[in-house]
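One structure is given below, encoded as structure tokens.
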Protein chains: 2
Amino acid sequence: MGMPELESVWEAYKKAVREGGDANALYREMVWPLLKELWHQGPRVSPGPREFAVSIHTLGTSPEATILAILGTRAEKVYVLHTEDSQKFVPRLREETGKDVYPIKVGKSHVDAIYQHVRELLREHAGKPVALDLTSGTKAMSAGLAAAGFYFQRYYPEVRVVYVDNEEYDDQVRRPRAGTERLIILPNPHEVVADVDALLARELYQQGEFAEAEGYFGQAVGKAQDQRYMLYALLSGMYRAWYALELAEAVKKGRDLLRRLDMDVWLRHPLNDHRKTLEAQLASLEAGERFLAEADPCQSQGVLAVVETLLYLSDRSGKASSALGALYAYRALELLLQERLCARLGRRADHPALAPEEEEALKGELASILRTTPEEVRLGPKLGLLDLVAFLRSQGDPLLSRVGLGELQGLSGVLKARNESLLVHGFRVPSRKEIGSIQTLAKPLLQDLQERLGLRVPVKPVELGQAL
Amino acid sequence: MGMPELESVWEAYKKAVREGGDANALYREMVWPLLKELWHQGPRVSPGPREFAVSIHTLGTSPEATILAILGTRAEKVYVLHTEDSQKFVPRLREETGKDVYPIKVGKSHVDAIYQHVRELLREHAGKPVALDLTSGTKAMSAGLAAAGFYFQRYYPEVRVVYVDNEEYDDQVRRPRAGTERLIILPNPHEVVADVDALLARELYQQGEFAEAEGYFGQAVGKAQDQRYMLYALLSGMYRAWYALELAEAVKKGRDLLRRLDMDVWLRHPLNDHRKTLEAQLASLEAGERFLAEADPCQSQGVLAVVETLLYLSDRSGKASSALGALYAYRALELLLQERLCARLGRRADHPALAPEEEEALKGELASILRTTPEEVRLGPKLGLLDLVAFLRSQGDPLLSRVGLGELQGLSGVLKARNESLLVHGFRVPSRKEIGSIQTLAKPLLQDLQERLGLRVPVKPVELGQAL
């Protein structure tokens, strides 16, 4: 018994219908038993057979289709979402499939209930492959099941949405030709749409996961054969390297990106809308890279680039970890003071070469901040963070002289705490309040540097928009 | 003209059918023009009217339903995915809706093409509210449109899946009762399923986003009225605080969690499967907290807890940022050496109180590592990282004595580079190779500490599984 037999039965059935028989009754008598038997033996599944442990079916007024779906998914556990009207078919499903079908009643337009039932069944059968079959039932039921399927697939990757389809329609009897039924396992859009990686990449970019975004944009180039995404990959790579403080690599990526945006073929690339920002970012990165390579805090533009980066990272990481937030903020403040020492006094913190009277002035200033006597103050060979504040004040720095002594005394504890940080040499984790104090001191220094240079660093990633 | 008139037309239509008229022809003549006119004036939309700029419809052999859907969504731009068979209805759609309907031909089972068309249309109309209407068409077409809708909603949040439904079926004429049609905007499962926040929270937890996971688990408690999720919120909070090095808070969360897991009502909570790991984690956190609070590196168990944490953070953050990866690794190595100094020699790095002969031995050891003479070596008041290595070697530490001098000479540059790091006082960003060198030195020290204590710290988050 097999397909050839089904074909001859189909021709006999058509003949009987033509001769005036009751089409439905004849189908049930002649065709259905054979078709069902064939599916018991071996269902036709597209793109290929797949093991399911659980199946969930919506049930309308065509139990035959659901019977084929149950035979096609071959699950051990079978749930049927039926309505008031279709409840009567449940015993037939049991009888003709030989499965212990479990019924769940829902309203025929009650999508919410379908979501909730699917959610609960997926939890109950977590980790097992589950088929959601939307062949039968109202549009609302099918749509609800499909929605639940594709929504929950993100959390339960073993879920598949399936339905029974026909390859051929027989116009003479106005019915799908028996034997052309197949159980279709619906593909996930992710497997089919060539550039869906680009959407995932955009989501990761927006979450600040630039390494991952770079990877997915790179994949999208190959899969969709679309070089447009290469420019987004370069952009993501630039931010990845930048925020990891690997400025040389960020410069390389940025230069490559801008070079490509200049090409005729990419003049209308959406990133060219951000041309000005990208150019300013690259210029900042270049200045920052030069300053770091030459270890020269007299390079004000480079210092500004790195300081704004560090303060941005302080904000970003400080929410999750105040230890990291403080670390970035400390270093930003120190760099601002080192740049200022050079710009105002032409000195460097690592070999300040203080004249005796300067040393005395510094000791006096430190003593009043630390509430001690100048004799008690010990100076190291380099100027540390607090030394820098004190020395600039002692030399009449207008900005730092303006800070009240009381405020500085409160800060001195915070500044000294740097070395006591668990991430440096100590055992403490700075509080969010301490980070705030550092930022308060850094802010006017940063503004002054920005004003002197007539420059701000656009340190945030450009918006990608939805036109991707 | 309005609903009352439609009701009387409906009764007249039913009477005409009962008297033997052609049901379809009578419907088209008597009922449809009035129904259509009512939807032109004001469609019925559930849960309420909504503005759409674009609508995309699957079209099967029931153009009336699609006409109502087009009138219901009221979009400016209308696309219709039709088959070979349903192409003939497109002019009627234009005529009866007054919209410039744009046709797109697809195979009636060709789901991939539907995904691809929807993807392209969503990109073209990015940012605008789009309705995907699955009222008409084959199951494959409707299912494909629903799949695309709910899949792409993640990236295009303005997308809604809609369909036209009937509230009432008239058994006498075996047709939906005219006037009970509604355009249904399908809810997103996220808006309906009470505990879907818990699924999102689990995803964030698995990605290591513990602060966000904590927030969503907390929301799930309120929305689903299920205290089960409170325990996951506490667990996420424990890891959030732990990996931010806020051990006191981590201990508080961990204690609260274990106290609850002891309650009768939660004895079967899935987290009780991880009981042993959770208890070991809490014990480690308590030891680490005590060590940090007392700033006492002689507390070996606490040092181990913090060191394993730092090495874990080094691994985790080092992938994205070698500057951070190196920072954590340096501090872990330093703590291991400080603990060892105490355990073997009873000394502390911050006031080592070296005897003259010890100082001499240290200088000799440093000189041979740094390839200089003992006279050139300057010692500070505290033992830094390289000093610790040298001093332990000079005192015959078996583990450190085993490290070859050549290897140490290579390392000395790396160890000294700590202060030159951009995140500490310098301008360099350590390479991944340098992190590797630090970890190579740290590994045997860590193993020795673990063996002395007979202890390892289970520093990774427990697996949540799918039974959530």
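Which residue is surrounded by the fewest Cβ atoms within 10 Å (Cβ to Cβ), if the candidates are limited to segment B:189-205 and must be of a type outside the set (D, E, K, R) and more than 13 Å from A:V111 (Cα to Cα)? Here the answer is B:A194. Go through segment B:312-369 and report how many residues are of a type outside the set (K, R), within 30 Å of A:R331 (Cβ to Cβ) and surrounded by fewer than 16 Cβ atoms within 10 Å (Cβ to Cβ). The number of residues fulfilling the criteria is 3.
One residue stands out among those in segment B:309-324 that are among the aliphatic types (A, V, I, L, M) and in a helix (DSSP H, G or I): the one that is farthest from the other protein chains (Cβ to nearest Cβ), which is B:L311. Here are some conditions: (1) in contact with a Gly (Cβ under 8 Å, 6 or more places away or on another chain); (2) over 27 Å from B:Q338 (Cβ atoms). B:K276 meets all but one. Which one does it not meet? Looking at each condition in turn, B:K276 falls short on (1). For segment A:40-51, the criterion of being out of contact with any Asp or Glu (no Cβ under 7 Å at 6 or more places or on another chain), small (G, A, S) and exposed (fewer than 13 other Cβ atoms within 10 Å of the Cβ) is met by at least one residue.
How about segment A:391-468: which helices (runs of 4 or more DSSP H) wholly inside it have at least 1 residues that are loosely packed, with under 13 Cβ neighbours inside 10 Å and touching a residue at least 12 places away in the same chain (Cβ under 8 Å)? I'd like the intermediate steps shown before the answer.
Details: elements: A:398-401, A:405-416, A:432-453.
Qualifying helices (runs of 4 or more DSSP H): A:405-416, A:432-453.
Here B:L385, B:L399, B:L366 are screened, and the one residue that is in the same structural domain as B:S321 (by TED's automatic domain parsing), aliphatic (A, V, I, L, M) and at pLDDT below 90 is B:L385. Selection over segment B:122-134 of residues that are within 7 Å of chain A (Cβ to nearest Cβ) and crowded, with 23+ Cβ neighbours inside 10 Å gives a count of 1.
For segment A:293-308, filtering for residues that are assigned to a helix (DSSP H, G or I) and buried (at least 23 other Cβ atoms within 10 Å of the Cβ) leaves 6. Name the residue that is nearest to A:F150 (Cα to Cα), counting only residues in segment B:164-192 that are touching a strand residue (DSSP E or B) at 6+ places or on another chain (Cβ under 8 Å), facing chain A (nearest Cβ under 8 Å) and outside any strand (DSSP E or B). Here the residue is B:L186.
Going residue by residue through segment B:216-225, is there one that turns out to be in contact (Cβ under 8 Å) with a residue 60 or more places away in the chain, of a type in the set (A, V, I, L, M, F, W, C) and either more than 9 Å from chain A (Cβ to nearest Cβ) or more than 30 Å from B:R259 (Cα to Cα) (or both)? Checking segment B:216-225: not a single residue is in contact (Cβ under 8 Å) with a residue 60 or more places away in the chain, of a type in the set (A, V, I, L, M, F, W, C) and either more than 9 Å from chain A (Cβ to nearest Cβ) or more than 30 Å from B:R259 (Cα to Cα) (or both).
To keep it simple, each residue is scored yes or no on (1) surrounded by 20 or more Cβ atoms within 10 Å (Cβ to Cβ); (2) touching a helix residue (DSSP H, G or I) at 6+ places or on another chain (Cβ under 9 Å).
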site: B:A53; (1), (2): no, no
site: B:H57; (1), (2): yes, yes
site: B:G72; (1), (2): yes, yes
site: B:V78; (1), (2): yes, yes
site: B:A113; (1), (2): no, yes
site: B:E120; (1), (2): no, no
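Surrounded by 14 or more Cβ atoms within 10 Å (Cβ to Cβ), touching a Ser or Thr at 6+ places or on another chain (Cβ under 9 Å) and modelled with pLDDT of 95 or more: does that describe B:A248? Criteria not met by B:A248. Whether any residue in segment B:81-92 is within 20 Å of B:L38 (Cα to Cα) and of a type outside the set (K, R) is what I want to check. Taking every residue of segment B:81-92 in turn, none turns out to be within 20 Å of B:L38 (Cα to Cα) and of a type outside the set (K, R). Per this entry, B:P374 is not counted among residues that are within 14 Å of another protein chain (Cβ to nearest Cβ), surrounded by fewer than 16 Cβ atoms within 10 Å (Cβ to Cβ) and either in contact with a Gly (Cβ under 9 Å, 6 or more places away or on another chain) or not acidic (D, E) (or both). Checking A:G127, A:G137, A:G144, A:G149 one by one, the residue that is within 28 Å of the chain's Cα centre (by Cα) and on the phi > 0 side of the Ramachandran plot is A:G127 and no other. Against the list (1) buried (at least 17 other Cβ atoms within 10 Å of the Cβ); (2) free of Cβ contacts under 8 Å to residues at least 40 places away in the same chain; (3) of a type outside the set (K, R); (4) over 14 Å from A:P187 (Cα atoms), the condition B:Y169 fails is (1).
Could you say whether any residue in segment B:22-35 is assigned to a helix (DSSP H, G or I) and among the small types (G, A, S)? Show your work before the answer.
Of segment B:22-35, the ones assigned to a helix (DSSP H, G or I) are B:23-35.
Pick out the ones that are also among the small types (G, A, S) and you get B:23, B:25.
Yes; the residues of segment B:22-35 include at least one that is assigned to a helix (DSSP H, G or I) and among the small types (G, A, S).
Scanning segment B:240-288 for residues that are under 27 Å from A:S431 (Cβ atoms), assigned to a helix (DSSP H, G or I) and within 14 Å of another protein chain (Cβ to nearest Cβ) yields a total of 12. For A:A213, the conditions (1) surrounded by fewer than 19 Cβ atoms within 10 Å (Cβ to Cβ); (2) in contact with a Leu (Cβ under 9 Å, 6 or more places away or on another chain); (3) not aromatic (F, W, Y) all hold with the exception of (1). Under the condition of being part of a loop (DSSP other than H, G, I, E, B) and aliphatic (A, V, I, L, M), the residues counted in segment B:325-364 number 4. Working only within segment A:135-159, note down all residues that are more than 7 Å from chain B (Cβ to nearest Cβ), in a loop (DSSP other than H, G, I, E, B) and surrounded by 23 or more Cβ atoms within 10 Å (Cβ to Cβ). Listed by number, the residues that qualify are A:S136, A:G137.
The values are calculated or read from the model by the stated rules, or taken from the named source; none is laboratory data. Predicted model only: the values in this text are computed from it and were never measured. Using ideal geometry, Cβ is built from the backbone for each residue, glycine included, and neighbour counts are taken over all protein chains shown.
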